[in-house]
Every structure is written in structure tokens, then in C-alpha cells.
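Read through the structure below, which is laid out as C-alpha cells, and then see the notes.
Nothing in this text is a laboratory measurement; each read-out follows from the coordinates by a stated rule. None of these values were measured; they are calculated from a predicted model. Backbone-built Cβ (ideal geometry, glycine too); neighbour counts: all protein chains shown.
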Amino acid sequence: MIKRLYLGAVVAAALWGCDSIEKTVIIESPDSQVVVTFSLAESSPRYAVSFHGADIIRDSPLGLELREGGALAAGLMITDIKRKSHDETWNLVVGKSSTARDHYNEATIALQEKATPHRRLDI
């Protein structure tokens, strides 16, 4: 009984310190040819883009320098991630094709400063 309680306490303590939101978000085009990777490295946002497996933009910092309030580029945490896929076909009146396809995957990543003033940013 004591061993079970101890194991339960260890598991609870481990889960208490875990952040349930992902630290790296990967968004792929429907055909997987374009891959955008967003991550938080030491609370600073970074991104990378590849096309056909080749790096187009290597791991790069991402942030904003605001006139009022200063930089919004460090001390951030991910508070939410919303993913969406869309696939729709349109009939065209004129053109070489009779239809056009609108097919994509997207993600909205909600960031918030850990310290005051706790500004928010959706990417």
C-alpha cells in the first residue's frame, strides 16, 4: 500500500511540472512538400521552412520590436495551438481549367509573455 502511494506521488509530481502544450509545432502542406517548423527555444520563438526537403529558411529567430512596450521576442510561452485543414474546389467561369482547388493546412499558435504585462501574440 505504501509503495503504491509513493509511486502515485512520484507520478503526480512529474506530471505537475510538465507543460501540456507542445514546444514544437510542425505544419505541412497537404502534399508534404512544404514544411514549416515553429518552436520555442529558451522561451524565444524560432521558425524554419523547407521545400522538397531542402532548407529554404534555416532555424531563425522570430519576434516583434514594438514602438511602445519594447521587444516581444523572449520570455514567451505557448498557451494554445489550433490546427485546421481546408479542401474546397471552386468552379471557374473562364480560364484554362474549369475548377480551382483551395487546399491547405494551417496552425494558429497563441503566445503570451510569462512576465508582466503578459502581452499576447497569435502567429
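Here are the numbers:
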read-out	value
Summed side-chain charge close to residue 103 - residues other than residue 103 whose Cβ falls under 10 Å, Lys, Arg +1, Asp, Glu -1	-3
Cα principal axis extents for the stretch 36-84, largest first, Å	40, 22, 21
Loop-located trypsin sites (Lys or Arg not before Pro) in the stretch 86-123 whose Cβ has at most 11 other Cβ within 10 Å (DSSP)	96, 114
Summed side-chain charge close to residue 85 - residues other than residue 85 whose Cβ falls under 12 Å, Lys, Arg +1, Asp, Glu -1	-2
The stretch 12-123: mean projected area of Cα convex hull, nm²	11.0 nm²
Qualifying aspartates and glutamates (Cα of each under 14 Å from Cα of residue 84; at least 8 residues distant if same chain)	28, 102, 106
Neighbour net charge for residue 113 - beta-carbon separation under 11 angstrom, K R +1, D E -1	+3
Computed over the stretch 77-123, Cα set: Rg, Dmax in Å	18.3, 55
